[in-house]
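Down below is the structure, laid out as structure tokens.
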């Protein structure tokens with residue numbers, strides 16, 4: 001979050017993002033196997049009122065998303081402008097071991113990640129299941 005928001009103090013301001021010091025852009029849910037545990041399941045970044053906007057020069061460290069193993073929804077709107085260096089999503093987001101169910105990317109011209117073939121297969125199978 002610190003890299004995306006351009007705010008190195010972010011982790012110190014929000015050390016417990018699901019409880020005492022929530023992140024405005026993070027949704028947490030109770031773990032199905034232990035109601036005392038909260039898991040980060042949804043992350044939204046963009047220039048709307050409810051969430052902090054990405055700053056110019058925002059970066060996306062693949063390790064930061066791997067630190068959210070229960071993430072089911074990821075939305076990134078207007079974070080990576082054309083003037084920035086290319087930014088790639090981690091291929092690990094698109095493996096069968098990922099919990100990601102929904103990804104929304106809008107107006108991020110420097111986001112250059114290819115769409116993996118595994119993602120296309122997952123989408124196709126999901127539509128057949130209905």
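Tabulated values for the structure
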{"item": "Projected area averaged over orientations for region 41-91, convex hull of C-alpha atoms, nm²", "result": "3.8"}
{"item": "Sorted peptide list for 54-63, 75-84, 28-37, 95-104, criterion being average Cβ within 10 angstrom, highest first", "result": "75-84, 54-63, 95-104, 28-37"}
{"item": "Residue-span extension gain [residue 75 to residue 9] - 0.36 nm each, minus C-alpha spacing", "result": "21.5 nm"}
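Only the coordinates and a few stated rules stand behind these numbers; no lab work does. Since we're looking at a predicted model, the values are computed, not measured. Note that each Cβ is placed from the backbone with ideal geometry, even for glycine, and that neighbours are counted across all protein chains shown.
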